[in-house]
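Here the structure is laid out as structure tokens; the discussion comes afterwards.
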Amino acid sequence: MSNEQTNWWEWQRFFAARSRKQLPSLETADHYCSIPDSVARSLAVFQLGESGGGTVVRQARQSSIRNVDAHYAKALELFVKEEHHHAEILAICVRNLGGALIQKNWTARLFVIARRLMGLRLKVLVLLAAEVVGICYYHLLATRLPNTRLQQLLAQIVEDERAHLHFHCCFLRSQMISGWRRALFVLVWRSTMAAAAIVVLIDHRRALRDLDLKFSAVWRRWRTYRRLAERLVLEKDRSAVPDSLIEGWSRVATS
Ligand SMILES: [Fe+2]
Ligand SMILES: [Fe+2]
């Protein structure tokens with residue numbers, strides 16, 4: 001068994017150990033009356049985005065590309081399950097904020113169309129872009145909310161998304177077997193991140209404005225995580241990536 005295959009087994013165990021989480025309960029709606037309506041609408045869009053992902057698992061099961069095996073497909077299935085758990089948490093949050101869940105949204109649709117057009121590697125790259133967007137957006141939202149259970153739940157989702165970021169980086173890193181692939185990754189990754197950041201900034205502008213979050217602050221945070229992901233995928237020497245950025249997930253990614 002190669003190191004990469006061992007990694008996928010470790011990732012499978014990692015996600016399996018987290019797969020029996022209970023759904024939370026929140027405080028009464030009174031605790032949330034000071035939060036602008038635009039936040040509920042914004043979270044409803046993310047709730048929709050967290051609900052998909054079945055096709056990537058099917059594609060991984062059938063894939064014959066390098067370093068993809070049954071353990072990777074299973075880890076990916078458990079990852080999608082964790083995203084669905086996020087969708088359930090966000091649904092509770094949206095309802096408690098007095099908002100309504102949505103079935104359609106143009107930014108969520110763009111992510112789905114982009115993923116459907118692509119092979120497994122590009123699908124994972126788009127998933128990685130969604131993780132960067134989610135990590136930054138949920139974190140910034142949490143910093144502007146009153147000290148409630150909702151704030152804690154968003155912080156918890158951010159931690160999960162950081163693990164997802166490392167999982168996807170681990171996969172993409174295993175695919176960087178030549179100079180042209182590395183160059184192509186940089187080109188597609190930066191373009192995808194720029195496009196994702198722009199559409200999310202446009203779609204969530206009201207919530208950002210109501211919470212006094214400047215576009216420049218959101219952009220800077222995305223850029224930091226975009227660069228971190230890029231380094232995790234491309235850096236030949238992992239020790240060149242600071243521990244403060246990698247945190248505990250590196251133990252899984254490199255075991
Ligand atoms: Fe998520
Ligand atoms: Fe995620």
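The values are calculated or read from the model by the stated rules, or taken from the named source; none is laboratory data. It should be emphasised that the depicted structure is a prediction, and the values quoted were computed from it without experimental measurement. With ideal geometry, Cβ positions are generated from the backbone for all residues, glycine too; neighbour counts draw on all protein chains shown. Ligands, DNA and RNA are stripped out before the accessible areas are found, and what is left, the full protein with its side chains, is counted by its heavy atoms. Shrake-Rupley method; radii C 1.70, N 1.55, O 1.52, S 1.80 Å.
For a quick check of your reading of the filter: which trypsin sites (Lys or Arg not before Pro) in region 83-166 sit in a DSSP loop and have no more than 16 other Cβ atoms within 10 Å?
104
Ignoring any ligand, DNA or RNA, what whole percent of the accessible area of the chain comes from carbon and sulfur when the probe is 1.4 angstrom?
Here it works out to 54 percent.
Of 11, 114, 133, whose Cα points farthest to the positive end of the dipole of region 1-146 (charges on the beta-carbon: +1 Lys, Arg; -1 Asp, Glu; origin at the Cα centre)?
114
To the nearest 10 square angstrom, how much accessible area does residue 51 have with a 1.4 angstrom probe?
Accessible surface of residue 51 is approximately 50 Å².
Report the relative contact order of region 1-133, percent, no decimals, based on alpha-carbon pairs under 8 angstrom and at least 6 residues apart.
Relative contact order, region 1-133: 36 percent.
Expressed as a rounded percentage, what relative contact order does the chain have, with Cα pairs under 8 Å and six or more residues apart?
The normalised contact order for the chain reaches 25 percent.
Nearest 10 degrees is fine. How inclined is helix 106-116 to the longest principal axis of the chain, computing both from alpha carbons?
20 degrees
Taking a ≥ b ≥ c as the square roots of the eigenvalues of the Cα gyration tensor of region 144-206, is the shape rounded (a/c under 1.5), prolate (a/b larger than b/c) or oblate?
Since a/c reaches 1.5 but b/c is at least a/b, the shape of region 144-206 is classed as oblate.
Under a cut-off of 23 Å between alpha-carbon atoms, report the lysines in cross-link reach of residue 104, not counting same-chain residues fewer than 8 places apart.
The qualifying lysines are 81, 123.
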